[in-house]
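Accompanying notes for the structure given below.
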Amino acid sequence: MGSSIEQHSLHIFFFPFLAYGHIIPTVDMAKLFAEKGVKATIITTPGNAPFISKAIGKAKTENEIQIQTINFSSAEVGLPDGLEITDSITNPYLIESFFIATSLLQEPLEQLLHKQRPNCVVADMFFPWATDSAAKFGIPRLVFHGTSLFSLCATTCMQLIDPNNDVSSDSESLTIPNLPGEIKIARTSLGSYGMGDRTSMIKLLREANESELRSHGVVVNTFYALEKDYADLYSKVLGRKAWHIGPLSLCNRDVEEKAHRGKEASVHEYECLKWLDTKKPNSVVYVCFGSTTLLSDSRLREIAIGLEASGQPFIWVVRKSKEDEVEWLPDGFERRMEGKGIIIRGWAPQVLILEHKATGAFVTHCGWNSTLESVTAGVPMITWPIYADQFFNEKLVTEVLKIGVPVGAKKWNGLEGDSVSWDAVEKAVKSIMTGEAAIVMRNSAKNLSKQARLAMEEGGSSDSDLIALIEELSSMTF
Ligand code: UDP
């Protein structure tokens, strides 16, 4: 994956938003830069430092990666003490306070910039103020969104819609203007992206967009061959400067590194892999909705009935603890599913599960990390978006790449998602596992997996983009 280049004195701050879906790829990114000889400092809050330290693992000693903590003012904004990551938000009403608390990180970040004077800051899109903070010290800021180029383009193109003269749309769906592929999207799935909404999230997204335009550019966790048309649109038409340096998850090469991304897994990785070893190739359905969604008991029940009806073995990750009531499970479900299916309550070693040859499909909420990890592993998807960019990522998977089938979720409905009946789950599982179309999708997914790995190899498109970025930053500095 490329050897170290002579960049010993380049020092970069990596400052991820406080969510697993942002921290995990940013830590991977810091590892990749460090492998190229860059000194990397990950900025985070004290509560998140231990798991980041574990995720860095041996890279810390082999390369130069440090963690620098800054305090998070939970109490000041009325958040429970110790709530420092979105995964711990169990009440959606706390989301706004959480965002306010993250904006208070500006001052401590500036103190660190003043003291350490890095050569560049890679800061999350949810910190729009980071461009100005870095500029105060003459430091270039790069933006990391953590989503696909398709979704970045779709979001930007949506801003071109004139609600009073929107001829290509009907009452139920609209065509995203200027976006290659004639992509139609349900109005109900647009939520805060919809027009005319004045929520604080819309304001934040607008600020993020403005600060991106004033930043040095954007680093994207993708590879050129996956999203060619959208990569070209983003840079050539929308005028953004972007480097595609993914799939970032490929920086983790052994089982231990792959198992220790994010939270402590609720199951030992070897136990999980041993169970998968007993299953036929491409037979297991892996079900996981990422780190922030909160599916209701009724949604979980439909999934259980649908999985059982499909007759396929499964690994299903549920964000509930053993102590939680099990009323969401149909009577006798776990007994009937013994040997056939595993429920992981909490956190799964996702990348390892996806890479196992027995895994044949991924029921995913289409968070970008999960989507790209599935592409990287060559696993076709059943798409079940819940909110935000997930609806755009679904379109990329099902209509552009054609490596997945939608389960039929069309409504952005908080963290719980649209209601989907068990027979839609059963139908989607059957259609991705059996028949001619399933074989075509699987072959396309396997082909993209090969391209993903090639992109990260020495001389591949992502490796070359990373080197070009490091060289550019170095030339600005010395
Ligand atoms: N993840 C994991 N185990 C889990 C749940 C999630 O390893 O049980 C990881 C997953 O591999 C991915 C990240 O957490 O890297 C989730 O990011 P994504 O963008 O898919 O979704 P989000 O959590 O941001 O909604």
Legend entry - Hits in the stretch 9-32 - residues which are aromatic (F, W, Y) and part of a loop (DSSP other than H, G, I, E, B): F17
Legend entry - Out of A40, A49, A59, sole residue that is surrounded by fewer than 17 Cβ atoms within 10 Å (Cβ to Cβ) and of a type outside the set (V, I, T): A49
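Any residue in the stretch 84-102 that is of a type outside the set (S, T, N, Q) and more than 24 Å from G367 (Cβ to Cβ)?
We begin by selecting, within the stretch 84-102, every residue of a type outside the set (S, T, N, Q); these are 84-85, 87, 89, 92-96, 98-101.
Next cut, more than 24 Å from G367 (Cβ to Cβ) only: none.
Taking every residue of the stretch 84-102 in turn, none turns out to be of a type outside the set (S, T, N, Q) and more than 24 Å from G367 (Cβ to Cβ).
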Legend entry - Tally of residues being free of Cβ contacts under 8 Å to residues at least 60 places away in the same chain and hydroxyl-bearing (S, T, Y) across the stretch 16-44: 1
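Could you check the stretch 350-469 for strands (runs of 3 or more DSSP E) lying wholly inside it with 2 or more residues that are touching a strand residue (DSSP E or B) at 6+ places or on another chain (Cβ under 7 Å) and either more than 23 Å from L149 (Cβ to Cβ) or within 16 Å of the ligand (Cβ to nearest atom) (or both)?
Numbers: elements: 359-364, 381-383, 404-406.
Of the strands (runs of 3 or more DSSP E) lying wholly inside the stretch 350-469, those with at least 2 residues that are touching a strand residue (DSSP E or B) at 6+ places or on another chain (Cβ under 7 Å) and either more than 23 Å from L149 (Cβ to Cβ) or within 16 Å of the ligand (Cβ to nearest atom) (or both) span 359-364, 381-383.
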Inset, instruction - Those residues that are in contact with a helix residue (DSSP H, G or I) (Cβ under 6 Å, 6 or more places away or on another chain), more than 8 Å from the ligand (Cβ to nearest atom) and either among the hydroxyl-bearing types (S, T, Y) or assigned to a loop (DSSP other than H, G, I, E, B) (or both), I need them from the stretch 333-349; list them, please. - result: none
Inset, instruction - Only residues that are within 15 Å of the ligand (Cβ to nearest atom), part of a loop (DSSP other than H, G, I, E, B) and closer than 27 Å to G378 by Cα: list them for the stretch 305-323, please. - result: R319
Inset, instruction - Tell me, yes or no, whether the stretch 55-74 has at least one residue that is under 20 Å from K263 (Cβ atoms), aliphatic (A, V, I, L, M), within 16 Å of the ligand (Cβ to nearest atom) and touching a residue at least 40 places away in the same chain (Cβ under 8 Å). - result: yes
Legend entry - Verdict on G414 being of a type in the set (G, A, S) and crowded, with 24+ Cβ neighbours inside 10 Å: no
Inset, instruction - Report yes if some residue within the stretch 339-348 is under 21 Å from N447 (Cβ atoms), modelled with pLDDT of 95 or more and surrounded by 21 or more Cβ atoms within 10 Å (Cβ to Cβ); otherwise report no. - result: no
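The values are calculated or read from the model by the stated rules, or taken from the named source; none is laboratory data. On a predicted model such as this, the values are computed, not experimentally measured, just so you know. Counting neighbours? That spans all protein chains shown, and the Cβs are built from the backbone with ideal geometry, glycine included.
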